[in-house]
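The values are calculated or read from the model by the stated rules, or taken from the named source; none is laboratory data. On a predicted model such as this, the values are computed, not experimentally measured, just so you know. Cβ: placed from backbone, ideal geometry, glycine included. Neighbour counts: every protein chain shown. Note: accessible area is taken over every heavy atom of the protein model, side chains too, but ligands, DNA and RNA are not part of it. Shrake-Rupley method; radii C 1.70, N 1.55, O 1.52, S 1.80 Å.
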Amino acid sequence: MTATDMPRKLILLYGSMTLVICAAVAGMVSASNSPFRTFALAAIAFLIILVPGFLLLRSINRNVREVTDSARKIAAGQYGYLIKVPGLGDAGELARAFNGMSAELADHFARIEQDSLQLRAVLGGMIEGVVAIDAQQRLLFANERGGQLLGFNMKTAVGLRFWEVVRQRSIVAIVEKALEKGESLREEFDWKGNPAKTLLIHVSPLRENPGGAIVVVHDTSDLRRLERLRHEFVANVSHELKTPLAVIKASVETLQDGAVEDTENRGMFLGQILDQAERLNNLILDMLSLARIESGSERLQSTRVSLAEAVQDCFDRHIAQVELRKQHLEMIPPEEPSAAEIYTDEEALMQILDNLVDNALKYTQEGSHIRVRWYGLGDHICIEVQDDGPGIPEEDQPRIFERFYRVDKARSRELGGTGLGLAIVKNLAHTMKGSVSVRSLPGQGATFTVSLPRMLQ
Ligand code: ADP
């Protein structure tokens, strides 16, 4: 038994001892006739009773204080705090019960914290924004994406009202309506902020007390942009097909109406039919090529290609065009031998060169000069096609790689262009893990640069 352990038996012993001492002193006092002796006996008896009583009280007090202090520490957040077990008696039992409760509390809180961390990690990793509000629209929680999409700082927004942090009235209105009606609502909004985006908002009110709602926000901008592109593409294709078909139809009708007998003019109508059929054919071939590249079904095969040979082959394919308009094609190989070859898809490289050289010949004046040079840049090889034609206005440069975008529509059509050549070049370059860019000053020609990895994996 330790000094701090004070079981019930000890209190009983102390009580009985006090009674015995009181009885003995009373006996002695009645037998004595000296007042001084009586006083001395009473004083000794008082001391004999007082000292153990004081020790007993101090020990009980110390245990109670220790339990109180420990309870305060746990309340302050030190879950799992343990009291030193003071022996086997009642105090020991109380301490052990207290320690058990403390360990259980620590376990409980650790689990709650773990669950909360997991939940935050899941919500933090979501691409959807999630915002929880109470029945008074006060923000209880928002993940980072929620703040990003709705334009508020999630760290400072908690506790504020939804309408205080989300500045778009229409979005606040749908949340208010869902809270009021107690039913889930979803709607798409054009976000007025910068950058502009399309947001799909889904509000689910919480039916149980104390109410509130969960607001889930999806960024549907990419989806809408793709939809818009698809619509534009369909509209563009219909438009591109309509004109040559109309010319073919009109020419055939004219021939049917008698022009077939007109030996002088029927050649012109037949020529028109042939030209337009050629145009349709080119358009369909380019569209198929683009669709194949974009769908990713184009399987690239990396082989060793001599760039000088590839460029020469491309020049040979354009010889008729060059001679007709007295243009000049020049090849400028690099001095560094390491840039002489590239490991890439030969067919895709040819298609890129053909499109760029064809454009350079088409959009420049008679007698123009076109130079093709290439050089190594880190682990890439840059191929430049430079002409001395009219160049491309600065405002058109960012758009010329879009499908069907032409600087001068009439001229492109007249030259047999489909408006898809540069879109094919861009898509091919990306598929080959490279890129394409243009530099041009109006009146000073245009330079297209294609950068491709030296070794396509
Ligand atoms: P297209 O079939 O009309 O040639 P492209 O996609 O190949 O379509 O080119 C898009 C537009 O870019 C062309 O219509 C033309 O206006 C412009 N362009 C392309 N290459 C050149 C160039 N070398 N010089 C001037 N303009 C060019």
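Some observations on this one:
- Qualifying residue in segment 236-248 (condition: among the basic types (K, R), in a helix (DSSP H, G or I) and surrounded by fewer than 16 Cβ atoms within 10 Å (Cβ to Cβ)): yes
- Of everything listed in (1) away from the ligand (no atom under 14 Å from the Cβ); (2) among the β-branched types (V, I, T); (3) open to solvent by less than 70 Å² (accessible area, probe 1.4 Å), the single unmet condition for V372 is (1).
- Top-ranked residue in segment 135-169 [being of a type in the set (G, A, S) and surrounded by 13 or more Cβ atoms within 10 Å (Cβ to Cβ); ranked as farthest from E208 (Cα to Cα)]: G151
- Every pair of residues 6+ apart whose Cβ atoms lie under 7 Å, when the first sits in segment 76-100 and is open to solvent by 90 Å² or more (accessible area, probe 1.4 Å) while the second is assigned to a helix (DSSP H, G or I) and at pLDDT below 80: L94/V67
Here is a yes/no grid of residues against (1) β-branched (V, I, T); (2) more than 40 Å from the chain's Cα centre (by Cα); (3) away from the ligand (no atom under 11 Å from the Cβ):
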residue: N359; (1), (2), (3): no, no, no
residue: I383; (1), (2), (3): yes, no, yes
residue: D387; (1), (2), (3): no, yes, no
residue: E395; (1), (2), (3): no, no, yes
residue: E402; (1), (2), (3): no, no, no
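- Hits in segment 57-85 (condition: touching a helix residue (DSSP H, G or I) at 6+ places or on another chain (Cβ under 6 Å) and closer than 29 Å to L19 by Cα): N63
- Residue in segment 89-96 that is outside the structural domain of S204 (by TED's automatic domain parsing) and part of a loop (DSSP other than H, G, I, E, B) present: yes
- Of all residues in segment 267-288, none are at pLDDT below 90 and either under 18 Å from S412 (Cβ atoms) or under 30 Å from the mean Cα position of the chain (by Cα) (or both).
- Residue count, segment 297-326 (criterion: touching a residue at least 60 places away in the same chain (Cβ under 8 Å) and assigned to a loop (DSSP other than H, G, I, E, B)): 3
- Just one residue in the set I248, I214 is within 30 Å of F404 (Cβ to Cβ) and of a type outside the set (F, W, Y); that residue is I248.
- Residue tally, condition open to solvent by less than 40 Å² (accessible area, probe 1.4 Å) and either in contact with a strand residue (DSSP E or B) (Cβ under 6 Å, 6 or more places away or on another chain) or outside any helix (DSSP H, G or I) (or both), over segment 10-33: 1
- When G419 is tested against (1) open to solvent by less than 20 Å² (accessible area, probe 1.4 Å); (2) within 13 Å of the ligand (Cβ to nearest atom); (3) in contact with a Ser or Thr (Cβ under 8 Å, 6 or more places away or on another chain); (4) modelled with pLDDT of 95 or more, exactly one condition is not met: (4).
- Yes/no for A173 being outside any strand (DSSP E or B) and modelled with pLDDT under 95: no
Here is a yes/no grid of residues against (1) modelled with pLDDT under 95; (2) surrounded by fewer than 16 Cβ atoms within 10 Å (Cβ to Cβ):
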site	(1), (2)
E187	no, yes
W191	yes, no
L206	yes, no
G211	yes, yes
V215	no, no
H218	no, no
E232	yes, yes
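- Remark: pairs (first residue in segment 341-363, within 21 Å of R292 (Cα to Cα); second residue surrounded by fewer than 23 Cβ atoms within 10 Å (Cβ to Cβ) and among the basic types (K, R); Cβ separation under 7 Å; 6+ apart in sequence or on different chains) = D354/R317.
- Where E346 falls short, out of the listed (1) open to solvent by 50 Å² or more (accessible area, probe 1.4 Å); (2) more than 14 Å from L452 (Cβ to Cβ): (2)
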